[in-house]
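As structure tokens, the structure follows; a few thoughts come after it.
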Amino acid sequence: MRTVLTLMLVALLAVCSTSMAAKDAGQDNGPDTDETPFSSYTATSPSVSGNTWSLTVVMDQAVKDNNTTFEITTQICLNSGVCDPPVVQQVTVDELTHTTSLTPPEDHSYVNWRVKAMYEDDTTEYFPQGAWYTVWSSCYQDGGVYYGVDADGESCAEEEDEGFLPGFTLIPALAAVGLAIAVARRD
């Protein structure tokens, strides 16, 4: 029994290290649609923390004609190295087009996604098999350094605070209100 558990642990570690090694930091990993039951896909890239990320997958007509259905699963991974559990997404289906969206949390590193094809004969197949497609964040951490269009090397760049009113700071706004009150009292 101990030998079986040891072999299972070694096999699990080999699979995990293979899937982690397959991720090239910052390079999206998408499907070769010639090897899938869908003819095309589009995904928001890069994904941006706090902004809607969308994925559209277009099923092949022959696959639809065979009564195949799709299930789309996503997983969000954070810059801390922790990944959320996979989530089966709500999908909007319009003829051949399957669309889903989500809002990644702050400080996410990438969004993983995959498609489960469920065939009429009750068999299923995953795309990709045993792995994920990946869309990287606009700010991701790799080896202690932050990369991406929203990174400054040491962290994710924060949006500038626009103050109380757009175009105004608090002092000019209060001065304008005070001036308006003084003019109104004069009359």
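The values are calculated or read from the model by the stated rules, or taken from the named source; none is laboratory data. It should be emphasised that the depicted structure is a prediction, and the values quoted were computed from it without experimental measurement. Please note: Cβ atoms are built from the backbone with ideal geometry, for glycine as well, and neighbour counts cover all protein chains shown.
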Test: residue in the range 47-60 that is in contact with a strand residue (DSSP E or B) (Cβ under 6 Å, 6 or more places away or on another chain), within 30 Å of Glu154 (Cβ to Cβ), surrounded by 14 or more Cβ atoms within 10 Å (Cβ to Cβ) and polar (S, T, N, Q): yes
Answer residue from the range 100-111, given it is buried (at least 17 other Cβ atoms within 10 Å of the Cβ) and farther than 18 Å from Tyr147 by Cβ and is farthest from the chain's Cα centre (by Cα) among those: Thr100
Lone unmet requirement of (1) loosely packed, with under 11 Cβ neighbours inside 10 Å; (2) closer than 20 Å to Trp132 by Cα for Gln89: (1)
Qualifying residues in the range 118-150 (those that are buried (at least 19 other Cβ atoms within 10 Å of the Cβ) and small (Gly, Ala, Ser)) - the one farthest from the chain's Cα centre (by Cα): Gly148
Residue within the range 81-90 that is farther than 13 Å from Pro37 by Cβ, at pLDDT 95 or above, in contact with a Cys (Cβ under 9 Å, 6 or more places away or on another chain) and of a type outside the set (Gly, Ala, Ser) present: yes
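Yes or no, residue by residue, for (1) over 29 Å from Gly26 (Cβ atoms); (2) out of contact with any Phe, Trp or Tyr (no Cβ under 7 Å at 6 or more places or on another chain):
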{"position": "Tyr41", "(1), (2)": "no, yes"}
{"position": "Thr52", "(1), (2)": "no, yes"}
{"position": "Gln61", "(1), (2)": "yes, yes"}
{"position": "Thr69", "(1), (2)": "yes, yes"}
{"position": "Cys83", "(1), (2)": "no, yes"}
{"position": "Val88", "(1), (2)": "no, yes"}
{"position": "Glu95", "(1), (2)": "yes, yes"}
{"position": "Ser101", "(1), (2)": "no, no"}
Given (1) surrounded by 16 or more Cβ atoms within 10 Å (Cβ to Cβ); (2) part of a loop (DSSP other than H, G, I, E, B), index of the condition Val63 fails: (2)
Single unsatisfied condition, Ile72 versus (1) part of a strand (DSSP E or B); (2) among the aliphatic types (A, V, I, L, M); (3) more than 23 Å from Gly130 (Cβ to Cβ): (3)
